[in-house]
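The values are calculated or read from the model by the stated rules, or taken from the named source; none is laboratory data. What you see is a predicted model, and the numbers here were worked out from it, not measured in a lab. Neighbour counts run over all protein chains shown; Cβ positions are idealised from the backbone, glycine included. Heavy atoms of the whole protein, side chains included, go into the accessibility calculation; ligands, DNA and RNA do not. Shrake-Rupley method; radii C 1.70, N 1.55, O 1.52, S 1.80 Å.
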Amino acid sequence: MTAPIPGDGRTAIGIDVGGTSIRAAAVDADGLVVDSARTQTPASAGALEDALHRLVDHLRARNDVVAVGL
């Protein structure tokens, strides 16, 4: 995978896992947030993994994603 190049429409997803919510954002090469999603932070590790997959899949379906960072 390669990093986004300014103006090419590709994005990277950044994820923040907090105590009460998980937030994910698709960011372009200029650092602008072009899309975002959030959900509640689940209690178990398995549910956390599932929630992360759902958020990434949701943003990937709407954006040309080249990288994901946690």
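The one condition from (1) at pLDDT below 95; (2) of a type outside the set (Val, Ile, Thr); (3) open to solvent by 40 Å² or more (accessible area, probe 1.4 Å) that residue 4 does not meet is (3).
Within the stretch 19-50, the set of residues being within 12 Å of the chain's Cα centre (by Cα), farther than 14 Å from residue 65 by Cα and polar (S, T, N, Q) comprises just one member, 39. Against the test of being open to solvent by 30 Å² or more (accessible area, probe 1.4 Å) and modelled with pLDDT of 95 or more, the options 52, 70 yield a single qualifying residue, 52.
Being free of Cβ contacts under 8 Å to residues at least 24 places away in the same chain, open to solvent by 30 Å² or more (accessible area, probe 1.4 Å) and of a type in the set (A, V, I, L, M, F, W, C) is the filter here; which residues of the stretch 35-49 pass it?
Within the stretch 35-49, the subset free of Cβ contacts under 8 Å to residues at least 24 places away in the same chain is 36-40, 42-47, 49.
Applying the additional criterion that residues be open to solvent by 30 Å² or more (accessible area, probe 1.4 Å) yields 36, 38-40, 42-47, 49.
Within the stretch 35-49, 43, 45, 47 meet the criteria.
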